[in-house]
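Peer 1: Encoded as structure tokens, here's the structure I'll be asking about.
The values are calculated or read from the model by the stated rules, or taken from the named source; none is laboratory data. Please read all numbers here as calculations on a predicted model, not as lab measurements. Here the Cβ positions follow ideal geometry from the backbone for every residue, glycine too, while neighbour counts run over all protein chains shown.
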Amino acid sequence: MVAPAEGRNTVPLGTGSSSEVGRAVMACDFPLVVWSEADGVVRLANDQAAALVGIPLDELIGRGVRDLVEPRDAVGITAEALTSGAVDAVRSERWVRRPGGERVPVSIWTRTAHIDAQRAAITLLVPKDELPRLGRDPSAPWRDLAPVAVGTADRAGRVTSVSADIDAILGAPAGEWVGSSFLDIAHPEDRERIGMVNAEGAVGVRAEREVRLRHRDGHWVAVCLFFAPLPDSRPGTTFAVIGPPEPGTAPQGRVAELELRLRRIATEVRAAGVLDVVERMPSPTDFPQLAELTTRQWEVLERLLRGDRVPAIAEALFISESTVRNHLAAIFSKFGVHSQDALIRLLRPRDEE
């Protein structure tokens, strides 16, 4: 079980009528349920949520959330945390219980919202094996994942490695950010929220939303930051930076705006999942070429090093085998090798061979 994660967000997730939020929920292609913080009853949901829990949509509405998720007391704990106002988001690893007793491991991300002028909770439930494809929608570019850069930092918040996607977010190649401190590039008003990125005793994933980081050209970029401690009590942290949507992709209309905010939750959940990849990557000190790879290429490389081959990688990441091969070709070029076996021999520690 992963400890809940929490963070502040200066912009409400959803504020609107049940009709508007309901239409936005139905437009999303991942499981969402909206429930009342007061009584834990499902008020809105979509077909994907109904399929996940194995209950027809019309029967899912009106059910208690605690009857769908294990452990049952987890819903009460989440509701208490949200209602207290101390946090506005909770992330956890739970199980969905289907009729017949089947239990499906899921990642859950719950955010507060105001619907029909009342407090509610919007929960995204993602089966663990579907995290890699979360948020993708090739038919509508503005719905696609925002740029996500992942990396590692030391206890003082200085970047020790970061994927190439940081260029799309902050306007400079990854190599130029190594050695930079989050506290130095954050807006003065946001530095206290970042604090020490690897506080003593920290567990789980910590999220900080609407943090302003300085772009290389001097303007401020509002990002979402995730921090998670490295395993085995190693000093330092993994992190993810979620950038804003691409320029010119802003949705038109109230429902479209709400839908985009819901998809941003999906982006957050996926980014938090990618942090697990970062901690298993080779040392950036030994292999500075890692800074030239994208976050997706880090995922492909990590799966290759764990023993997966092209078909398994494609299936796990919900991409085609040809796309995997294209990523591998780019990785080979960066590391100066010509085959998967040569890359594995180069990067895998000798005691693992």
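Peer 1: Please verify whether region 298-311 includes one or more residues that are under 24 Å from Trp109 (Cβ atoms), at pLDDT 80 or above and touching a Ser or Thr at 6+ places or on another chain (Cβ under 6 Å).
Peer 2: yes
Here is a yes/no grid of residues against (1) at pLDDT below 90; (2) in contact with a helix residue (DSSP H, G or I) (Cβ under 8 Å, 6 or more places away or on another chain); (3) closer than 18 Å to Leu262 by Cα:
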residue	(1), (2), (3)
Arg63	no, no, no
Thr83	yes, no, no
Trp95	no, no, no
Val104	no, yes, no
Thr112	yes, yes, yes
Ala117	yes, no, no
Ile122	yes, yes, yes
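Peer 1: Among Asp276, Asp286, which is the only one that is part of a loop (DSSP other than H, G, I, E, B) and out of contact with any helix residue (DSSP H, G or I) (no Cβ under 7 Å at 6 or more places or on another chain)?
Peer 2: Details: Asp276 fails: part of a loop (DSSP other than H, G, I, E, B).
Among Asp276, Asp286, only Asp286 is part of a loop (DSSP other than H, G, I, E, B) and out of contact with any helix residue (DSSP H, G or I) (no Cβ under 7 Å at 6 or more places or on another chain).
Peer 1: What pairs come up if the first residue lies in region 136-165 and is over 22 Å from Thr237 (Cβ atoms), the second is surrounded by 16 or more Cβ atoms within 10 Å (Cβ to Cβ) and modelled with pLDDT of 90 or more, and their beta carbons are under 9 Å apart, counting only those six or more places apart or on different chains?
Peer 2: Within 9 Å, no pair qualifies.
Peer 1: With the checklist (1) within 22 Å of Phe227 (Cβ to Cβ); (2) loosely packed, with under 14 Cβ neighbours inside 10 Å in hand, flag the one item Val90 doesn't pass.
Peer 2: (2)
Peer 1: When residues of region 302-318 are filtered for being in a loop (DSSP other than H, G, I, E, B) and either without any contact (Cβ under 8 Å) to a residue 40 or more places away in the chain or in contact with an Asp or Glu (Cβ under 6 Å, 6 or more places away or on another chain) (or both), how many remain? Write out each step before concluding.
Peer 2: Taking region 302-318 first, the residues in a loop (DSSP other than H, G, I, E, B) are 306-309, 318.
Add one more test, that the residue is either without any contact (Cβ under 8 Å) to a residue 40 or more places away in the chain or in contact with an Asp or Glu (Cβ under 6 Å, 6 or more places away or on another chain) (or both), and what stays is 306-309.
Selection size over region 302-318: 4.
Peer 1: Going by what's in this entry, would Asp129 be described as in a helix (DSSP H, G or I) and modelled with pLDDT of 90 or more?
Peer 2: For Asp129, the condition - in a helix (DSSP H, G or I) and modelled with pLDDT of 90 or more - is not met.
Peer 1: Also, quick follow-up: Just to check your reading of the model, which residue among Ala38, Ala81, Ala24, Ala51 is without any contact (Cβ under 8 Å) to a residue 24 or more places away in the chain and farther than 18 Å from Val269 by Cα?
Peer 2: Matching residue, one of Ala38, Ala81, Ala24, Ala51: Ala51.
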